[in-house]
Amino acid sequence: MSRLVLFVLVVMLQVCWTLSNPLPSAAPDNAGLLGRAQQVYRDTKTKVLNVGSTAAGFVGMYYEDHLKPVADSYVEWAKDGANSFWERLKRKVSTFRSTQDK
């Protein structure tokens, strides 16, 4: 699972890197530079959020298709084991209490 997360992170960083537009190197006036930088930041942020939501959709779809069917059986097994443990514990406690009352 950690390899998958790392892979998705690397792909997202590569996509963000290629989608971001660098600031123009030759700026005739410095007054508009801050405004352009803010606009580039907003555009890049919007692109990153769009890519992130798309990547989250792909990861969710992968989980639903490949991991969840495998993991569900283990989750059910763990739930059954926990329920069985609690039932045995309740029985032993009630038996212990009944022997203490006598």
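A Förster radius of 25 Å, combined with the Cβ-Cβ distance separating Gln39 from Thr18, puts the computed FRET efficiency at roughly 0.85. For the chain, take the longest principal axis of its alpha carbons; what is the angle in degrees between that and the long axis of helix 68-101, to the nearest 10 within 0 to 90? Rounded to the nearest ten degrees, it is 40.
Basic side chains Lys and Arg get +1 at the Cβ, acidic Asp and Glu get -1 at the Cβ, and with that the dipole of the stretch 41-95 about its Cα centre reaches some 360 debye.
Determine the shape class of the stretch 39-101: with a ≥ b ≥ c the square roots of the Cα gyration tensor eigenvalues, call it rounded for a/c under 1.5, and otherwise prolate if a/b is greater than b/c, oblate otherwise.
Cα axes put the stretch 39-101 in the oblate bin.
If you fit an axis through the alpha-carbon atoms of helix 33-62 and take the longest principal axis of the Cα set of the chain, what angle between them do you get, 0 to 90°, nearest 10? The angle comes out at about 30 degrees. Percent of accessible area on the chain owned by carbon and sulfur, 1.4 Å probe? About 64 percent, which is the carbon plus sulfur part of the accessible surface. Considering only Leu34, Leu89, Leu13, the Gaussian network model of the chain with Cα springs below 10 Å gives its largest mean-square fluctuation to Leu89. Over the stretch 52-100, accessible surface divided per residue gives 86 Å², non-protein components excluded, 1.4 Å probe.
Treating only the Cβ of Lys, Arg, Asp and Glu as charged (+1, +1, -1, -1), what charge dipole size does the chain show about its Cα centre? Round to the nearest 20 debye.
So the dipole magnitude of the chain works out to roughly 580 debye.
Since only Gly81, Thr54, Ser98 are under comparison, the one whose Cα sits farthest along the positive direction of the charge dipole of the chain, derived from C-beta charges on Lys, Arg, Asp and Glu, is Ser98. Cβ-Cβ distance of Ser53 and Glu76, R₀ of 41 Å, FRET efficiency by 1/(1 + (r/R0)^6): the value works out to about 0.85.
The values are calculated or read from the model by the stated rules, or taken from the named source; none is laboratory data. Keep in mind that this is a model prediction, so the values were computed, not measured. Glycine also receives a Cβ, built like all others from the backbone with ideal geometry; neighbour counts cover every protein chain displayed. Note: accessible area is taken over every heavy atom of the protein model, side chains too, but ligands, DNA and RNA are not part of it. Shrake-Rupley method; radii C 1.70, N 1.55, O 1.52, S 1.80 Å.
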